[in-house]
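K.L.:
The following block contains the structure, expressed as structure tokens.
Just so you know, all these numbers are worked out from the coordinates, no wet-lab data involved. Given the structure is predicted, the values throughout are model-derived calculations rather than measurements. Note that each Cβ is placed from the backbone with ideal geometry, even for glycine, and that neighbours are counted across all protein chains shown.
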Amino acid sequence: MSGPVGLLVAAGSGSRLGASIPKAFVEVAGRPMLEWSLEALRAAGIGDIVVALPDGAVAPAGVIGVRGGATRSESVGAALAAAPGSGPIVVHDAARPLVPPSLFADVLAALEHADCAIAAARVTDTVKEADPDGAVVATLDRSKLWAVQTPQAFRREALQAALSVDAAILARATDDAWLVERAGGTVRVVESSPANFKITTPHDLQVAELLLRQRG
Ligand SMILES: Nc1ccn([C@@H]2O[C@H](COP(=O)(O)OP(=O)(O)OP(=O)(O)O)[C@@H](O)[C@H]2O)c(=O)n1
Ligand SMILES: C[C@](O)(CO)[C@H](O)COP(=O)(O)O
């Protein structure tokens, strides 16, 4: 069987970050966010990497670059179409530069028992559901709740089948594991740490800057 292929999605604009350049190219601790995430994939021993990039961006050396899509899942689809070999796929957000390299092996190993295995952290806050007016309608049982991250590993056929849906459904997907769930596939969580957070807001960028500078 051929080895795993990493798909690094980096084509988002980063509207919530509000930088003047696409988010993946914003520097954190002296290097573009994309480079930290790429380094983690390489440190995990993943040699074949496809990066989904914004229009006009140049692919880093040693990876296959493709143009991303209008939504995150379309970017995953574009990268998957360029993935070499036939091995499993591991999808990672460029916006999670603090990922520990060992997490890639953990999610790939969990594919032995599922079509998809996703990094996730236990929820530590109390989580409530409220109506649009702010009235609380339910308090959820947090012992069953997980805050989902990337990396997310997939049997290749399961991801290909899950992504073969209308653009409207792809646009609703906040992660690719949901597409596997709705296609009837099995998905497992692999416990991760909240330290693998996604840089979404300026506050996240400040925290990541401090943590990555400490790392050196
Ligand atoms: N069309 C898109 C949208 C997102 N992504 C990638 O998916 C990851 C997670 O998305 P998010 O953090 O939401 O990034 P943005 O879409 O750029 O952020 P925002 O929603 O604030 O604009 C990021 O690495 C981002 O580059 C992508 O490749 N293609
Ligand atoms: C895939 C993801 O990182 C899991 O938490 C997240 O759902 C991406 O969401 P975003 O709205 O594209 O940031």
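K.L.:
Among the residues of segment 31-43, is any closer than 17 Å to Ala153 by Cβ, out of contact with any strand residue (DSSP E or B) (no Cβ under 6 Å at 6 or more places or on another chain) and of a type in the set (A, V, I, L, M)?
P.N.:
So far as segment 31-43 goes, yes, one or more of its residues are closer than 17 Å to Ala153 by Cβ, out of contact with any strand residue (DSSP E or B) (no Cβ under 6 Å at 6 or more places or on another chain) and of a type in the set (A, V, I, L, M).
K.L.:
Quick check on my filter: what residues within segment 195-212 are more than 11 Å from ligand 2 (Cβ to nearest atom) and either small (Gly, Ala, Ser) or outside any helix (DSSP H, G or I) (or both)?
P.N.:
From segment 195-212, those more than 11 Å from ligand 2 (Cβ to nearest atom) are 195, 202-203, 205-212; that's our starting set.
Selection gives Ala195, Ala208.
K.L.:
Can you spot a residue in segment 89-98 that is more than 16 Å from ligand 2 (Cβ to nearest atom) and either touching a helix residue (DSSP H, G or I) at 6+ places or on another chain (Cβ under 7 Å) or not acidic (Asp, Glu) (or both)?
P.N.:
no
K.L.:
So, in segment 116-140, how many residues would count as being without any contact (Cβ under 8 Å) to a residue 12 or more places away in the chain, among the aliphatic types (A, V, I, L, M) and outside any strand (DSSP E or B)? Give the derivation first.
P.N.:
Our first condition is that a residue be without any contact (Cβ under 8 Å) to a residue 12 or more places away in the chain; within segment 116-140, this holds for 129-138.
From what's left, among the aliphatic types (A, V, I, L, M): 130, 135-138.
The next check asks that each one be outside any strand (DSSP E or B); those that pass are 135.
The total comes to 1.
K.L.:
Quick check on Ala11: is it part of a loop (DSSP other than H, G, I, E, B) and over 24 Å from Asp106 (Cα atoms)? So that I can check it myself, show each step before the final result.
P.N.:
On the way: part of a loop (DSSP other than H, G, I, E, B): yes; over 24 Å from Asp106 (Cα atoms): yes.
Yes: the conditions hold for Ala11.
K.L.:
Please count how many residues of segment 144-180 are more than 16 Å from ligand 1 (Cβ to nearest atom), in contact (Cβ under 8 Å) with a residue 60 or more places away in the chain and part of a helix (DSSP H, G or I).
P.N.:
The number of residues fulfilling the criteria is 3.
K.L.:
Mind checking which residues of segment 136-189 are away from ligand 2 (no atom under 13 Å from the Cβ), under 14 Å from Ala114 (Cβ atoms) and surrounded by fewer than 22 Cβ atoms within 10 Å (Cβ to Cβ)?
P.N.:
Scanning segment 136-189 gives Arg155, Arg156, Glu157, Glu181, Ala183, Gly184, Gly185, Thr186, Arg188.
K.L.:
Test Ala61 against the stated conditions and say whether it is of a type outside the set (S, T, N, Q) and within 16 Å of ligand 1 (Cβ to nearest atom).
P.N.:
So Ala61 fails the test.
K.L.:
Looking at segment 47-105, which of the residues that are of a type in the set (D, E, K, R) and in contact (Cβ under 8 Å) with a residue 24 or more places away in the chain is surrounded by the most Cβ atoms within 10 Å (Cβ to Cβ)?
P.N.:
Asp93
K.L.:
For segment 3-27, which residues satisfy the criterion of being without any contact (Cβ under 8 Å) to a residue 12 or more places away in the chain and within 12 Å of ligand 2 (Cβ to nearest atom)? Break it down into steps so the answer makes sense when it comes.
P.N.:
Taking segment 3-27 and keeping what is without any contact (Cβ under 8 Å) to a residue 12 or more places away in the chain, we get 15, 19-21, 27.
If the condition is that a residue be without any contact (Cβ under 8 Å) to a residue 12 or more places away in the chain and within 12 Å of ligand 2 (Cβ to nearest atom), then Ser15 is the only one that fits.
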